[in-house]
1. Tabulate in residue order the Karplus-calculated ³J(HN,Hα) for segment 286-294, using 6.51 cos²θ - 1.76 cosθ + 1.60 with θ = phi - 60°, rounded to whole Hz; enter x for Gly and Pro.
2. Hey, can you grab everything whose amide H is under 5 Å from the amide H of Ser114? Only 5+ residues off in sequence or another chain; H modelled, so Pro and N-termini drop out.
3. With labels modelled as points extended 7 Å from the Cα through the Cβ direction, what inter-label distance (nm, one decimal) is found for Gln68 paired with Gln328?
4. For a quick check: with amide H placed at 1.01 Å from N, whose amide H comes under 5 Å from Lys247's, ignoring anything fewer than 5 positions away on the same chain?
5. Could you go through segment 300-316 in sequence order and give the Karplus-derived ³J(HN,Hα) for each residue, using 6.51 cos²θ - 1.76 cosθ + 1.60 with θ = phi - 60°, rounded to whole Hz, and x for Gly and Pro?
6. Skipping prolines and chain starts, which residues have an amide H placed within reach, meaning under 5 Å, of the one on Thr164, given they are 5 or more residues away or on another chain?
7. Which pairs break 21 Å Cα to Cα here: Lys10/Lys58; Lys247/Lys279; Lys47/Lys279?
8. Using the per-residue mean of other Cβ atoms lying within 10 Å as a proxy for protection, in what order, highest first, do the peptides 186-193, 34-41 fall?
Amino acid sequence: MSTELLENLKKGDRLALSRILSQVESQSEAGSQALEALFPFTGKAHKVGITGAPGAGKSSLVNALAHQLRRQQDAPRVAIIAVDPTSPFTGGALLGDRVRMPDLQQDPGVFIRSMATRGALGGLAAATEAFSQVFDAAGYDIILIETVGAGQAEVDVVNLAHTTIVVDTPGTGDDIQSIKAGILEIADILVVNKADRPGAEQSVRYLQAMLEMGYSRSSTAGHHAPEASITETLRESTRPWVPPVLKTIAIESQGIEELLEAMQAHRCYLIESGNWQVKERQALQKAIQRAIAQNLINRWQEGLSPGLFEETLQAVVERKMSPESAAQYLLEASQGL
Ligand SMILES: Nc1nc2c(ncn2[C@@H]2O[C@H](COP(=O)(O)OP(=O)(O)OP(=O)(O)O)[C@@H](O)[C@H]2O)c(=O)[nH]1
Ligand SMILES: [Mg+2]
């Protein structure tokens with residue numbers, strides 16, 4: 001990356017920012033160089049993931065949050081990443097922008113970027129992480145990451161956030177609620193949006209009950225269950241974080257102030273408990289592991305003679321070989337490792 005582009009980025013030049021994001025998104029050589037050059041300037045931004053069912057009001061909330069943040073005295077700079085995992089049939093990431101008010105687009109302290117890189121090398125989480133790094137280095141204080149709470153890829157996306165907001169709506173049947181148990185575990189803050197609709201109070205109580213059940217089941221405070229390979233676990237604090245359940249009406253900007261306060265309280269909690277550092281280490285550890293895995297796969301693939309994979313696959317299809325022994329064979333056959 002040219003020093004000029006880097007300097008412009010740090011001066012707040014939006015064109016430079018757009019260019020670097022595109023380079024990163026297309027995974028060009030320039031993109032990797034940009035990430036490399038920017039990395040030392042990252043690590044400051046508060047990354048906030050907003051997830052929930054399609055249509056729950058995530059974009060409306062992000063929109064209202066950004067407005068509210070910009071009205072604050074110190075007016076933090078806000079970056080918005082809309083991760084849209086929807087299939088190419090529906091047009092992907094553009095959907096994420098549909099409720100955004102035009103005045104947010106005019107605000108020089110706000111930058112909105114959509115992303116629909118389902119098939120991206122390294123996956124959605126890696127691409128989101130890369131975007132976050134660019135925004136972080138460019139001096140954005142808060143990065144709001146919107147993603148549909150659908151599958152593992154989306155959970156991976158929110159896992160890279162410091163604070164995760166799970167958005168629910170009133171009147172969802174109990175059958176659906178039970179499926180949500182998994183997503184509840186990743187929540188630092190729960191929001192019942194569309195509180196103008198009937199049943200909001202009931203949803204709040206339901207979620208609170210679910211949370212309490214979750215807490216009594218696990219005696220440890222770290223509800224972000226660390227992986228076995230991760231030696232450092234989130235620290236048990238004298239004052240464990242209990243996810244608040246808040247009500248909002250995003251389209252009327254109601255409850256947004258309280259949501260912001262909860263976000264800030266969670267950030268303070270992370271810093272004071274030392275968990276901010278722990279999360280940071282975990283995220284960086286994952287980034288290294290992802291890079292290693294990708295690198296190994298690339299080397300293996302490049303070292304394979306043309307057609308060998310197809311041939312082996314055919315043998316497996318014909319049940320002449322098991323997938324495991326095919327993998328073993330293909331690993332050994334590659335000159336790249
Ligand atoms: N009544 C009511 N409608 C709302 C509220 N918040 C959002 N909506 C509406 O709900 C619809 C979906 O809102 P979005 O903000 O696009 O929801 P989303 O979760 O981002 O949707 P996807 O990105 O498509 O998953 C829109 O028509 C909004 O106007 C609310 O608090 N009350
Ligand atoms: Mg949306």
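1. Taking θ as phi minus 60°, the curve returns 4, 4, 5, 4, 4, 5, 4, 4, 5 Hz for segment 286-294.
2. The list, which skips near neighbours in sequence, is Ala82.
3. Spacing of the two 7 Å Cα→Cβ label points: 5.8 nm.
4. Placed amide hydrogens put Val192 under 5 Å from Lys247.
5. For segment 300-316, the Karplus curve yields 4, 5, 5, x, 8, 6, x, x, 5, 4, 4, 4, 5, 4, 4, 4, 6 Hz.
6. Gly49, Asp188, Ile189
7. Lys10/Lys58; Lys247/Lys279
8. For the peptides 186-193, 34-41, the packing ranking is 186-193, 34-41.
The numbers here are math on the coordinates, done by the rules we state, and not lab data. Computed from a prediction, not measured in an experiment: that's the story for all the values here. Backbone-built Cβ (ideal geometry, glycine too); neighbour counts: all protein chains shown.
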